[in-house]
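Down below is the structure, laid out as structure tokens.
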Amino acid sequence: MSQINRPLSPHIGIYSWQISNSLSILHRLTGLALSVGALVLLAWVVSAALGPDAYAGVTRVLAGPLGLLVMFGVSASYFYHLANGIRHLAWDAGYGFEKQVARASGWFAVGAAVLATALLWSGILL
């Protein structure tokens, strides 16, 4: 078959990366992280049902450096996913599609997630 020389869509030479692209990918990734967090929560609850020794073991792992890193990631994912989900709800209602508003609401979602995560881990937001 003969090949037709057509540009890719969107053409790589004229396509520019935008904040909306990154936030969309981040929204999907945080959804996956929340699924992992749900499994960690399930392990913690099941360990409580299995008895004090199992509960102490899981709590020890979660209190360690890797466990704290996972819990930090899950909490940051939760707050970003929540803020961006509210943004999507506004879009579903037909608001916020203007370029400047979409960009500003995206940065607001990131800022809200960073602030809420910082407040949670500083002990203020409990």
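Just so it is clear, none of the values below were taken in a lab; they were calculated from the coordinates. The structure presented is a predicted model; accordingly, all values stated were derived computationally and were not measured. Glycine gets a Cβ as well: all are built from the backbone with ideal geometry, and neighbour counts include every protein chain shown.
Positive end of the dipole of region 19-122 (Cβ unit charges, origin at the Cα centre): among 67, 24, 100, the Cα lying farthest that way belongs to 100. Helix 99-122 axis versus longest C-alpha principal axis of the chain: approximately 10°, rounded to the nearest ten. With runs of 4+ DSSP H residues as the only contributors, calculate the mean residue ellipticity of the chain at 222 nm using -39,500 (n - 2.57) per run, divided by the residue total and rounded to the nearest 500. That calculation yields -27000 deg cm²/dmol at 222 nm. Once the Cβ-Cβ distance of residue 16 and residue 62 is raised to the sixth power relative to R0 = 41 Å, the FRET efficiency obtained is 0.45. Put in line by how crowded their Cβ is, counting other Cβ atoms within 10 Å and starting with the fewest, 72, 79 read 72, 79.
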